[in-house]
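Asks: Take a look at this one; I'll ask things after.
The values are calculated or read from the model by the stated rules, or taken from the named source; none is laboratory data. Because the structure is predicted, anything quoted here is derived from the model rather than measured. When we count neighbours, we look across all protein chains shown, and the Cβ atoms used for this are built from the backbone with ideal geometry, even at glycine.
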Amino acid sequence: MIKSEKLDVMKEEQIRPRLLMEENAKLNAEDIQALLERKSEFVHIPCPACESKDNSVMFEKNGFTFVRCSQCETVFVNPRPTMRMLKEYYGTSKCIKHWNEKIFLVSENARRERIFAPRARRVVELCKKVGVPNQVLIDVGAGFGTFCEEVSALGHFEKVVAVEPSSTLAKTCRKKGLHVIESMIEDVEIDENVSVITNFELIEHLYWPKDFLKVCNKALPKGGYVILSTSNIKGFDLYILGKLSNNIGGPNHLNYFHPKSLEHLCKTCGFEVVEVLTPGKLDAELVRKKILSKELDVSKDSALKFLLIERWDDVGEAFQTFLAENRLSSHLWMIARKV
């Protein structure tokens, strides 16, 4: 197992500027309200990991019901908007447009330094470790193309391809000189000699993640790899905060896996999991902020109070490193090979 590199001190404000996030929250509320007016059209689904129909309600949040699978403990929104409704939502969302035009724009340098450059280095390191051929890397959901820029600059892969369905973001990627396919991955005819498909913070948004992983499997040659990241519902901040977490909320986030349930899903889609990491940097800070804002009461939890309040300056960074290196962070990476 590759241990996380020593964690740089990263503050949430660097990547999610407070004032812009407050503005974004208002737009998000408007988007949600418009979608909830069609709640009667929402549909029930089985567990997105193991397909069990046995689940129980955990909580309601912002008009969405979050349930936990009784078999594998995956947490997911159920009922949820249909796939067609989600496509319409992502095409018209004021919140997402604001993220693209404002938040990403002003935080890109910090994100490049703190997220995308380390991510690119980690991908290359993992590929070297498990023996991924250095031919073609396809990044699905490339966004602003910052990861593709960083991984291209390392010179490890012969070719890097950005797959981005948003016309605005695809245009941004092209301006950066990237090779871009402006399409959903499901509609891409891939004739490249693909070694690895990467996708970061994507499957939690999808109506049915299994379909996406099957498409990835089909696109890869035998022995090809997929590297993905998503939220870990059994990671520290999500486990502690639950409904209080800003990460938890529909319709943007629909699926919350954990290492075992995501591994099960990968196996059913024809992959063998070869590496699991949780290289998160913000778990402890996110929980601490909820305590300081008095949203989370730790008056009866002396351990959390001790670690995150009383001894924060002394042990906060070391505690986050401990979470990351022991698969206890809420930021989950999985590397799987087509079998």
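Asks: Tally up the residues in the range 46-75 that are part of a loop (DSSP other than H, G, I, E, B), crowded, with 17+ Cβ neighbours inside 10 Å and out of contact with any Cys (no Cβ under 7 Å at 6 or more places or on another chain), please.
Replies: 2
Asks: Identify, from the list L220, L262, L241, L228, the residue that is out of contact with any helix residue (DSSP H, G or I) (no Cβ under 7 Å at 6 or more places or on another chain), of a type in the set (A, V, I, L, M, F, W, C), surrounded by 18 or more Cβ atoms within 10 Å (Cβ to Cβ) and under 19 Å from T278 (Cα atoms).
Replies: After ruling out the rest, the residue left standing is L262.
Asks: Something else now. May I ask you to say which residue of V188, V194 is surrounded by fewer than 21 Cβ atoms within 10 Å (Cβ to Cβ), modelled with pLDDT under 90, more than 20 Å from the chain's Cα centre (by Cα) and within 18 Å of L213 (Cβ to Cβ)?
Replies: Result of the check over V188, V194: V188.
Asks: Scan the range 255-295 for residues that are within 16 Å of the chain's Cα centre (by Cα) and aromatic (F, W, Y) and report the count.
Replies: Residues flagged as within 16 Å of the chain's Cα centre (by Cα) and aromatic (F, W, Y) within the range 255-295 amount to 2.
Asks: Restricting the search to the range 139-191, which residues are among the aliphatic types (A, V, I, L, M) and in a helix (DSSP H, G or I)?
Replies: Listed by number, the residues that qualify are V151, A153, L169, A170, I185.
Asks: Give the residues of the range 159-178 that are loosely packed, with under 14 Cβ neighbours inside 10 Å and either modelled with pLDDT of 95 or more or at positive phi (or both), sorted by residue number.
Replies: Within the range 159-178, G177 is the sole residue that qualifies.
Asks: From E113, E149, grab the single residue that is farther than 26 Å from L265 by Cα, of a type in the set (D, E) and touching a Lys or Arg at 6+ places or on another chain (Cβ under 9 Å).
Replies: E149
Asks: Would you confirm whether any residue within the range 76-92 is among the polar types (S, T, N, Q), more than 19 Å from Y256 (Cβ to Cβ) and either surrounded by fewer than 14 Cβ atoms within 10 Å (Cβ to Cβ) or without any contact (Cβ under 8 Å) to a residue 40 or more places away in the chain (or both)?
Replies: The answer is yes, given that some residue of the range 76-92 is among the polar types (S, T, N, Q), more than 19 Å from Y256 (Cβ to Cβ) and either surrounded by fewer than 14 Cβ atoms within 10 Å (Cβ to Cβ) or without any contact (Cβ under 8 Å) to a residue 40 or more places away in the chain (or both).
Asks: Whether any residue in the range 197-215 is hydrophobic (A, V, I, L, M, F, W, C) and in a strand (DSSP E or B) is what I want to check.
Replies: yes
Asks: Give me the residue from the range 1-45 that is of a type in the set (V, I, T) and either at pLDDT 80 or above or exposed (fewer than 13 other Cβ atoms within 10 Å of the Cβ) (or both) and, out of that set, nearest to H331 (Cα to Cα).
Replies: V9
Asks: If the requirement is being in contact (Cβ under 8 Å) with a residue 60 or more places away in the chain and assigned to a loop (DSSP other than H, G, I, E, B), which of these qualifies: K294, K234, K260?
Replies: K234
Asks: Checking I181 against (1) within 17 Å of the chain's Cα centre (by Cα); (2) on the phi < 0 side of the Ramachandran plot, which single condition isn't satisfied?
Replies: Of everything listed in (1) within 17 Å of the chain's Cα centre (by Cα); (2) on the phi < 0 side of the Ramachandran plot, I181 misses just condition (1).
Asks: Identify all residues within the range 315-339 that are among the basic types (K, R), closer than 19 Å to N199 by Cα and under 16 Å from the mean Cα position of the chain (by Cα); write none if there are none.
Replies: none
Asks: Answer yes if at least one residue in the range 202-209 is in contact (Cβ under 8 Å) with a residue 60 or more places away in the chain, crowded, with 20+ Cβ neighbours inside 10 Å and farther than 20 Å from E51 by Cβ, and no otherwise.
Replies: The answer is no; no qualifying residue exists.
Asks: Which of the residues belonging to the range 298-323 are in a loop (DSSP other than H, G, I, E, B) and either modelled with pLDDT of 95 or more or not acidic (D, E) (or both)?
Replies: If the condition is that a residue be in a loop (DSSP other than H, G, I, E, B) and either modelled with pLDDT of 95 or more or not acidic (D, E) (or both), then V298, S299, K300, R311 are the ones that fit.
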